[in-house]
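Remarks on the structure that follows.
The values are calculated or read from the model by the stated rules, or taken from the named source; none is laboratory data. The structure presented is a predicted model; accordingly, all values stated were derived computationally and were not measured. Ideal geometry is used to build each Cβ from the backbone, glycine not excepted, and the neighbour counts take in all protein chains shown.
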Amino acid sequence: MNLRAVWRSVLALTIVGFPLTAGQASRGASHPQTDAGPAVPRPEKMDVLKQFSSSFEELSQRSGRAVVQIFVRSYSTAGDEGENNGQLLTAENSSGSGIILTADGYILTNAHVVKNAHAVKVQLNVRAEAEARELGDRTLKRPLAGHIVGVDRDSDLAVIKIDKTNLPYLSFGNSDELKQGEIVLALGNPLGLDNSVSMGVVSAISRQVKPDDPMVYIQTDAPINPGNSGGPLLDTDGRVIGINTFILTQSGGSEGIGFAIPSNIAKDVYTQLRTQGHVHRSQLGIVAETITPAMADGLSLETDHGVIVSDVSPDGAAAHGGLKADDIVVGLNGKPVTSLHQLEANVYRMTPGTKITIRVQRGAEQLDVPIVTEEQEGAQLDALADMMDPVQNVVPQLGIVGLNITKEVLALMPELRRPSGVVVAARQASAPYSGPALQVGDVVYGV
């Protein structure tokens with residue numbers, strides 16, 4: 001059943017109901033008081049409300065089958081001031097939520113849910129032992145081992161794989177089509193309470209939480225609490241239009257200010273993590289800022305909108321394309337650009353090597369500058385860090401956490417000509433090693 005049609009019926013009921021109440025109140029002043037009868041809607045109105053409620057029940061039950069609970073055993077490091085001057089590893093247990101996206105067990109969740117994970121277990125959503133018997137698989141009640149396929153810290157997303165087939169799964173919707181005020185459902189396991197659902201509306205779209213962060217979010221008032229992280233934000237068709245990620249709160253609990261990663265961003269990241277194990281992102285190689293009316297007046301600019309370029313990296317993509325300092329970016333691929341955030345958010349989602357056209361104002365002239373985007377700096381080192389196991393990969397004799405050169409590492413470091421050795425993924429804060437300092441990205445071929 002289409003919930004959008006049902007919601008329109010409920011909305012019509014609400015609108016019709018207000019004049020009726022107001023009319024009865026006005027008549028009360030000039031007519032004798034009479035028994036109003038039971039304070040319930042007429043039967044035909046009740047049918048609409050029941051239909052509305054049952055539609056949400058069906059949506060919740062159907063979609064909830066594809067939402068899992070994730071249990072993580074992780075290790076955090078703390079300095080040891082004892083005589084060994086080493087590194088203490090402390091075990092921690094945590095949980096979150098995830099979304100099954102394929103019948104063969106690929107699951108999307110938040111990166112912070114599996115941060116520093118040493119072991120991952122996934123509990124499928126089976127409501128009762130009777131249901132497990134009905135499905136012919138009693139093992140569904142037991143947590144399954146999860147394998148981390150890839151992690152992307154920039155977007156706070158990760159992909160997990162479990163060894164299971166014929167699983168229920170959800171599909172992505174188009175977050176670009178979201179409208180403020182749309183009804184949404186948040187599913188997950190808040191505070192460890194499995195199989196929970198809450199309802200709310202889209203409070204805002206494309207919300208930028210941090211001024212210097214190109215990531216944007218869907219803001220919702222659907223209650224989200226710790227443990228909901230990684231669960232889906234659904235539209236009324238049951239499609240995933242967001243990944244519940246964090247809240248802003250003063251009390252520590254939900255205060256109606258929750259944020260979800262838009263599905264169109266999540267879909268791109270999921271695809272790259274599943275196929276490559278890491279995410280490639282683009283940059284232009286410029287320093288720029290949004291033009292304000294005061295800036296336009298003070299600098300006597302030709303336009304009062306757009307993004308002014310203050311510096312261009314000599315060997316960057318923008319320099320190779322011909323972009324210059326003091327150019328004003330007013331368009332990208334035929335669409336207007338009004339802010340630096342808008343420009344960064346669009347380029348951020350592109351695959352390195354994408355050909356784009358930047359429309360610039362250069363003095364009194366407007367011209368198109370063709371640019372081929374480049375790999376974002378630092379992405380390689382972050383990906384190496386995400387691949388390491390802080391327990392299995394530590395090399396205390398060298399004061400590093402190392403990774404063997406595998407095909408996954410070679411994909412990140414194509415410049416390596418020898419398919420052997422150990423690459424430095426991280427350095428220990430304190431270690432007995434006293435030799436030359438090794439840097440992240442160095443390759444050790446022998447000791």
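In segment 222-242, of all residues being small (Gly, Ala, Ser) and crowded, with 21+ Cβ neighbours inside 10 Å, the one that is modelled with the lowest pLDDT corresponds to Gly227.
Per-residue answers, yes or no, for (1) closer than 15 Å to Ile371 by Cβ; (2) exposed (fewer than 15 other Cβ atoms within 10 Å of the Cβ); (3) in contact with a Leu (Cβ under 7 Å, 6 or more places away or on another chain):
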site: Gln283; (1), (2), (3): yes, no, no
site: Val309; (1), (2), (3): yes, no, yes
site: Ala319; (1), (2), (3): yes, no, no
site: Pro336; (1), (2), (3): no, yes, no
site: Leu343; (1), (2), (3): yes, no, yes
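Can we say Glu415 is at pLDDT 75 or above and of a type outside the set (Val, Ile, Thr)? Spelling it out, it is not the case that Glu415 is at pLDDT 75 or above and of a type outside the set (Val, Ile, Thr).
Residues of segment 161-188 that are assigned to a loop (DSSP other than H, G, I, E, B), over 19 Å from the mean Cα position of the chain (by Cα) and buried (at least 16 other Cβ atoms within 10 Å of the Cβ): Lys164, Leu167, Glu182. When segment 336-383 is filtered for residues that are among the basic types (Lys, Arg) and either outside the structural domain of Ser310 (by TED's automatic domain parsing) or modelled with pLDDT under 85 (or both), only Arg349 remains.
May I ask you to verify whether Val184 is touching a residue at least 40 places away in the same chain (Cβ under 8 Å) and closer than 30 Å to Ala288 by Cβ? No. Of the set (1) touching a strand residue (DSSP E or B) at 6+ places or on another chain (Cβ under 9 Å); (2) assigned to a helix (DSSP H, G or I), all apply to Glu289 but (2).
Limited to segment 388-412, what total is found for residues that are at pLDDT below 70 and among the acidic types (Asp, Glu)? Let's see the steps before the verdict.
Filtering segment 388-412 down to residues at pLDDT below 70 leaves 388-391, 411-412.
Those left that are additionally among the acidic types (Asp, Glu): 389.
The qualifying residues number 1.
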